[in-house]
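**Student:** Sharing a structure here in structure tokens format.
The values are calculated or read from the model by the stated rules, or taken from the named source; none is laboratory data. Treat the numbers as computed from the prediction; the structure is a model and nothing was measured. Cβ atoms come from the backbone with ideal geometry, glycine included; neighbour counts cover every protein chain shown.
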């Protein structure tokens with residue numbers, strides 16, 4: 001069974017500006033970085049884990065956390081978080097937990113972005129819940145989380161064979177397919193958010 005990667009990666013890459021500085025957050029698990037790095041597009045990769053060997057030639061790698069980073073403020077033309085925001089602050093990927101990780105992450109991104117530039121985010125959506133390693137966002141929770149941003153949100157639901165566009169009113173009918181170690185585990189709904197620093 002496909003996972004949300006089949007829809008979220010191509011969708012997110014299509015939203016990126018064709019030029020400028022792009023910051024990818026959570027880069028150690030990303031297999032799309034080589035597509036971002038272009039002659040007029042400058043890729044920065046951010047992850048606290050050591051994965052320098054996996055970063056494309058010419059990209060700049062910052063081995064640090066998003067929260068409390070020392071990157072320049074109002075510097076990036078876009079920030080990319082693919083299947084990353086839902087984990088920040090939770091006890092996964094070797095991190096110690098802390099409260100409000102997703103809210104703190106968006107506050108950091110607000111400071112890193114140039115005015116009017118987007119953060120491009122994908123997260124699992126459906127019935128709102130928090131587990132030990134991910135958050136699943138209901139539409140009302142997403143709207144609260146991105147209050148103060150100018151947002152466009154798209155949803156795709158998994159129908160048993162593929163991810164298809166769905167209406168926001170349908171989102172909470174879905175849930176994460178998270179049976180451990182079963183092929184095809186993944187989001188019941190993936191939300192794609194383009195949020196602009198207003």
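**Student:** Output the number of residues of the stretch 13-27 satisfying the condition of being free of Cβ contacts under 8 Å to residues at least 40 places away in the same chain and either in contact with a strand residue (DSSP E or B) (Cβ under 6 Å, 6 or more places away or on another chain) or under 9 Å from residue 78 (Cα atoms) (or both).
**Tutor:** Adding up the residues that qualify gives 1.
**Student:** Shifting gears a bit: What's the number of the only condition in (1) more than 30 Å from residue 140 (Cβ to Cβ); (2) out of contact with any helix residue (DSSP H, G or I) (no Cβ under 8 Å at 6 or more places or on another chain); (3) touching a residue at least 12 places away in the same chain (Cβ under 8 Å) that residue 70 fails to meet?
**Tutor:** (3)
**Student:** Considering the stretch 160-169 alone, what residues qualify as being outside any strand (DSSP E or B), surrounded by fewer than 14 Cβ atoms within 10 Å (Cβ to Cβ) and modelled with pLDDT of 95 or more?
**Tutor:** Restricting attention to the stretch 160-169, the residues satisfying the condition of being outside any strand (DSSP E or B) are 160-162, 167-169.
Those still in the list that are surrounded by fewer than 14 Cβ atoms within 10 Å (Cβ to Cβ) too: 160-162, 167, 169.
Scanning the stretch 160-169 gives 167, 169.
**Student:** Pick out the one residue from 9, 119 that is out of contact with any strand residue (DSSP E or B) (no Cβ under 6 Å at 6 or more places or on another chain), within 30 Å of residue 164 (Cα to Cα) and modelled with pLDDT of 95 or more.
**Tutor:** Values: 119 fails: out of contact with any strand residue (DSSP E or B) (no Cβ under 6 Å at 6 or more places or on another chain).
The match here is 9.
**Student:** While we're here: So residue 111 ticks every box in (1) assigned to a loop (DSSP other than H, G, I, E, B); (2) out of contact with any strand residue (DSSP E or B) (no Cβ under 7 Å at 6 or more places or on another chain); (3) surrounded by fewer than 21 Cβ atoms within 10 Å (Cβ to Cβ); (4) in contact (Cβ under 8 Å) with a residue 12 or more places away in the chain but one. Which box is left unticked?
**Tutor:** Only one criterion in (1) assigned to a loop (DSSP other than H, G, I, E, B); (2) out of contact with any strand residue (DSSP E or B) (no Cβ under 7 Å at 6 or more places or on another chain); (3) surrounded by fewer than 21 Cβ atoms within 10 Å (Cβ to Cβ); (4) in contact (Cβ under 8 Å) with a residue 12 or more places away in the chain is unmet by residue 111, namely (1).
**Student:** Here's another thing I want to ask about it. Can you tell me which residues in the stretch 19-49 are in a loop (DSSP other than H, G, I, E, B), modelled with pLDDT of 95 or more and over 17 Å from the mean Cα position of the chain (by Cα)?
**Tutor:** Passing the criteria: only 19.
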